[in-house]
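Here the structure comes first, spelled out in structure tokens, and everything after it is commentary.
The values are calculated or read from the model by the stated rules, or taken from the named source; none is laboratory data. Predicted model, so just to flag it, every value in this text is computed and none were measured. Cβ placement follows ideal geometry from the backbone for every residue including glycine, while neighbour counts extend to all protein chains displayed. Quick note on the areas: whole protein, heavy atoms, side chains included, nothing else; ligands and nucleic acids left out. Shrake-Rupley method; radii C 1.70, N 1.55, O 1.52, S 1.80 Å.
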Amino acid sequence: MKQKKKKNSQSFNKKYMMKLMFRGVWFAVTIFGCGFISLIMFLHPSNQCYKTPFPTRLSVENLARIQIPSSAQNIERKLVSYSELADHTNCNLYLEFTIEPEDWLALYDSSLINNDVSLPLEEVWDDIDYGYEVANWEMPQPSVQIYSFYRYEYSNPIPRLEQWIIVDKSNSERWQINIITRDCRGFC
């Protein structure tokens, strides 16, 4: 009888130890997996653009270099980012929304654009057509107004920061705004 009890006790201890070992391995794999996924998320180029893995309205505004008016509706964004080197991330933000016409000046003043010259579509189409394709936007009407901003570094002829604001005023109550911001921290 004692031998049977001892055998059952050893069997129980063996099963219990196996169970504990399985749980320990499962816990270690889970922790390692979560840590690995977190590291990949942190290193993703879009996180370097937004400065956070969970973009907020403020981080989108900071990247777009504008303040989105309170009347903005139907806000859609698309970020195309890629990293050439660890510290050189190129961020291309495509932002689309509608605003009430009276908010246009506040939006314009918060942008990088420092001239009030509207450019004809055919003059800048080569610069913005790729943005329309990537963002899956509808082709703009020839009557749209386009404003642009370029900043060049003197040591490098490649533009480092570009912004286009495309304004469609065909609806008198809500204007369609498309903004393309390219922040080239590496090479564009």
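Return the residues of segment 52-68 that are in contact (Cβ under 8 Å) with a residue 40 or more places away in the chain, open to solvent by less than 30 Å² (accessible area, probe 1.4 Å) and part of a loop (DSSP other than H, G, I, E, B); say none if nothing qualifies.
Answer for segment 52-68, where residues must be in contact (Cβ under 8 Å) with a residue 40 or more places away in the chain, open to solvent by less than 30 Å² (accessible area, probe 1.4 Å) and part of a loop (DSSP other than H, G, I, E, B): just ILE66.
If you go through segment 126-144 and keep only what is surrounded by 13 or more Cβ atoms within 10 Å (Cβ to Cβ) and within 11 Å of ASN178 (Cβ to Cβ), you end up with ILE128, GLY131, TYR132, ALA135, TRP137, PRO140, VAL144.
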